[in-house]
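Read the structure below first, then the notes.
The values are calculated or read from the model by the stated rules, or taken from the named source; none is laboratory data. Computed from a predicted model, the values in this text were never measured in an experiment. Every residue, glycine as well, gets a Cβ built from its backbone with ideal geometry; the counts of neighbours run over all protein chains shown. Note: accessible area is taken over every heavy atom of the protein model, side chains too, but ligands, DNA and RNA are not part of it. Shrake-Rupley method; radii C 1.70, N 1.55, O 1.52, S 1.80 Å.
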Amino acid sequence: MPELENGKFDAAAFLASAGLGRRIIRLKAKRDFFSQGNQADSVFYLQKGRAKLTVISKNGKEATITLLNAGDFVGEESIAGVVGLRLATATAITACTALKIERAEMIRVMHEEHAFSDLFVKFLLARNMRTQADLVDQLFNSSEKRLARILLLMAEFGKPGAPETLIPKITQETLAEMIGTTRSRVSFFMNRFRKLGFIEYNGRIQVHKSLLNVVLHDQLPEHNAISASILDTPQNESRKAKRGTARVSKIEQKEN
């Protein structure tokens, strides 16, 4: 067995090869690993490519909740208690290669091989920390700063090795869903980042290290002036003018 080396279990070899209860699958971009509501009967380990995890509400609204890179597991809910249903849809963003591990085999190797269970628990803790960071980001940061953070995460800044500065194709609608804003706002910020030299945007997005300044140090040239211009759109200025006129009218009425 390839996962056994000198009688010892090799987690990396296990995740790189097919075997009993596991097989390698290949998906083209936009194809699903599984869909929300399917039976949760397996776990996937992403060997190559990028994917995303989305959920759909009862009224049909779709939201992207996380992006997946090579080295991530997805569908881990299948090993929690009895076999249930998928809570989300996993879709390939680029061409992907993944190891599909059947539920029974996943539970067996976790119980019997400490090297594998250690690796999997480490992944779960990292996923939990990422989820907490996403929540804090959503609650406390501006949409502009949230967009900068997502672009840096997609470019894998902060991970060991050189970052993949050229990120996979992703629509502005998907970015808007992830940071909780509108597509037009994402377009506005992307154009600003490009003009400031933080990114290059020509079909695919190339992220430069200077974008870290937005997230870590809030270093955005003329930030206050530009933020004001975002808020003071013609429509908002018109509303402010109407409110001011209404206040003046009320004061005149009281004086009379």
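Things to note:
- Any chance residue 83 is surrounded by fewer than 20 Cβ atoms within 10 Å (Cβ to Cβ), touching a residue at least 24 places away in the same chain (Cβ under 8 Å) and closer than 19 Å to residue 128 by Cα: no
- Looking only at the range 179-212, and only at residues there that are among the aliphatic types (A, V, I, L, M) and outside any loop (DSSP other than H, G, I, E, B), the one that is nearest to residue 155 (Cα to Cα): 207
- Remark: residue 10 matches the filter, which requires a residue to be acidic (Asp, Glu) and more than 27 Å from the chain's Cα centre (by Cα).
- Positions within the range 95-116 being assigned to a helix (DSSP H, G or I), farther than 21 Å from residue 36 by Cβ and not basic (Lys, Arg), in sequence order: 104, 105, 107, 109, 110, 111, 112, 114, 115, 116
- Here residue 176 meets the list (1) in contact with a Lys or Arg (Cβ under 8 Å, 6 or more places away or on another chain); (2) open to solvent by 40 Å² or more (accessible area, probe 1.4 Å); (3) of a type outside the set (S, T, N, Q); (4) over 19 Å from residue 157 (Cα atoms) almost entirely, failing just condition (2).
- Among all residues of the range 153-162, there is at least one that is open to solvent by 30 Å² or more (accessible area, probe 1.4 Å), outside any helix (DSSP H, G or I), closer than 21 Å to residue 66 by Cβ and touching a Pro at 6+ places or on another chain (Cβ under 7 Å).
- The condition of being over 13 Å from the mean Cα position of the chain (by Cα) and either modelled with pLDDT of 85 or more or open to solvent by less than 30 Å² (accessible area, probe 1.4 Å) (or both) holds for residue 211.
- Check on residue 145, open to solvent by 20 Å² or more (accessible area, probe 1.4 Å) and within 23 Å of residue 74 (Cα to Cα): no
- Candidates 46, 20: the one that is among the hydrophobic types (A, V, I, L, M, F, W, C) and farther than 10 Å from residue 90 by Cβ is 20.
- Residue in the range 25-46 that is over 16 Å from residue 102 (Cα atoms), surrounded by fewer than 19 Cβ atoms within 10 Å (Cβ to Cβ) and free of Cβ contacts under 8 Å to residues at least 24 places away in the same chain present: no
- Single unsatisfied condition, residue 157 versus (1) in contact with a strand residue (DSSP E or B) (Cβ under 7 Å, 6 or more places away or on another chain); (2) over 21 Å from residue 35 (Cα atoms); (3) at pLDDT below 95: (1)
- So residue 14, is it at pLDDT 90 or above, over 27 Å from residue 176 (Cα atoms), open to solvent by less than 60 Å² (accessible area, probe 1.4 Å) and not small (Gly, Ala, Ser): yes
- Residue list for the range 191-205, filter: under 18 Å from the mean Cα position of the chain (by Cα) and exposed (fewer than 14 other Cβ atoms within 10 Å of the Cβ): 204
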